[in-house]
1. Where the only charges are on Cβ atoms (+1 Lys, Arg; -1 Asp, Glu), what is the dipole of the chain about its Cα centre, to the nearest 20 debye?
2. Compute the relative contact order of region 211-288 as a whole-number percentage, counting only Cα pairs closer than 8 Å that sit 6 or more residues apart in sequence.
3. Across all directions of projection, what mean area in square nanometres is found for the Cα convex hull of region 150-289?
4. Would you mind telling me which residue in 156, 184, 36 has the biggest mean-square fluctuation in a Gaussian network model of the chain, where springs connect alpha carbons within a distance under 10 angstrom?
5. Mind checking which lysines have their Cα closer than 19 Å to the Cα of residue 176? Skip sequence neighbours fewer than 8 apart in that chain.
6. Which angle from 0 to 90°, rounded to the nearest 10, does the C-alpha axis of helix 120-140 make with the longest principal axis of the chain?
7. Working from Cα positions, state the angle (0 to 90°, nearest 10) between the long axis of helix 273-288 and the longest principal axis of the chain.
8. For residue 38, what charge total do you get from the other residues with a beta carbon under 11 Å from its beta carbon, if Lys and Arg give +1 and Asp and Glu give -1?
Amino acid sequence: MSNFDHCSSYRVSVEELTELHVIRYDVEKDLLPLVLSNCQYSMERGHETLSEYDLPRIQQHIITRFLQGKPFITRTGVPTLVNTHERDYETIFKAVKGKVPQEPLSSLTRNAVSRELDSYSEVCEAHKTLELLLGFLSMTGGSPMMPLVTYLQDTLRMANQTDPHILKALGRCCLKHCASLWQLLMSLKSERMLHLKRVKEEKRQLKSFVSKGNVHKWLLEMHEFLLGPEYCRSLLFHPSVKEAVAAYMDRKEVDVPIDVEAAFPDSIQLSQIVEAWKYAVTAKQEWMM
C-alpha cells in the first residue's frame, strides 16, 4: 500500500483533468479475470464446491493495475449537489448576502407571488427551483438587479426545465430578493400544507354529515342560494357556508335541519361553497349506492 499512499499526494483539479487521469476498466475483461485468477476451489464431502479468494492479492493487483499513478481529483470550485437535509442554509445565505446585497420583497410583490402559487405542489416546485439557484448564487454571485428568471435562463440554463407558471411567479423578483423570497416560500409551504390538512378534515366531516341521511333539503337550499343573488351579497357579511345558508333559510322562514347544526362543518368558507356542494352531492350519491 506504500506506493499507493505515495501517489495520494498527486492531485489535479477538474479544470486540469484529462483522459489519462481517469480510472478506466471493463468488468468482464479486466476485473473478472483478475478475481478468478486468485480464486481456489476445493471439493467438500457431499460434492459441494467451495471458493476461496486471495483478497489481499486481489487488492494489490487492483492498486497496481488501476489506481497506481492516478491522481486524486479535487472538487475545488465545482458546485456540488447535496441532500437538502444536509445543507447548511445559514452558511449559504451568508455567502449569498456577501456576494449579492439582499432586500425584502415589497408587500405588493409578496402578495402577487402568494396568489400565483396557490397550490402546495406549485410552492414546492418554486421552492426547489430557488433552492438550486441559491446553491449556485452563493458561489457565483450576480447583479442584485438581475431578474431571477434571467439568472435561471442565462446562467443556469434551467428555463426549459421549469414550469412557465413558476417562472411567471418568480419573474416578479430579482436576485436581491432571494433571501426574502426563500422566507416567503417556506411560509407558504407550511400554509398550503395546513390548508391541505384542513380540506381533508372538512371532507371527512362532510362525508360524516352526508351519512346522517337527512341532508337532501339542506343541499337543495345550498344550491338555490348559490344560484341566486343572495350569494354575492352574503360574501360581505357571512364568512361560512353554514352561517350564510342558514341566514338565507331564516329569511325564507324555512327551518334549518337539526343535522346541519350538529354535523355540518363550521370551517367551510363561503368562497368554498361550490366545491363543498359538489363533494357533498357526490358523497351522497356514493352513500346511496
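1. Magnitude of the dipole: close to 560 debye.
2. Over region 211-288, the number comes to 41 percent.
3. Answer in nm², one decimal: 12.0.
4. Of 156, 184, 36, the Gaussian network model singles out 36 as fluctuating most.
5. Candidates past the 8-residue exclusion: 94, 97, 99, 128, 168.
6. Compared with the principal axis, the helix lies near 40 degrees.
7. Roughly 90 degrees, rounded to the nearest 10.
8. Computed value for this residue: -1.
Each value in this text was obtained by applying a stated rule to the coordinates, not by laboratory testing. Small disclaimer: the values here were computed from a predicted structure and weren't measured. Cβ coordinates were reconstructed from backbone atoms using ideal geometry, including for glycine residues, and neighbour counts include every protein chain displayed.
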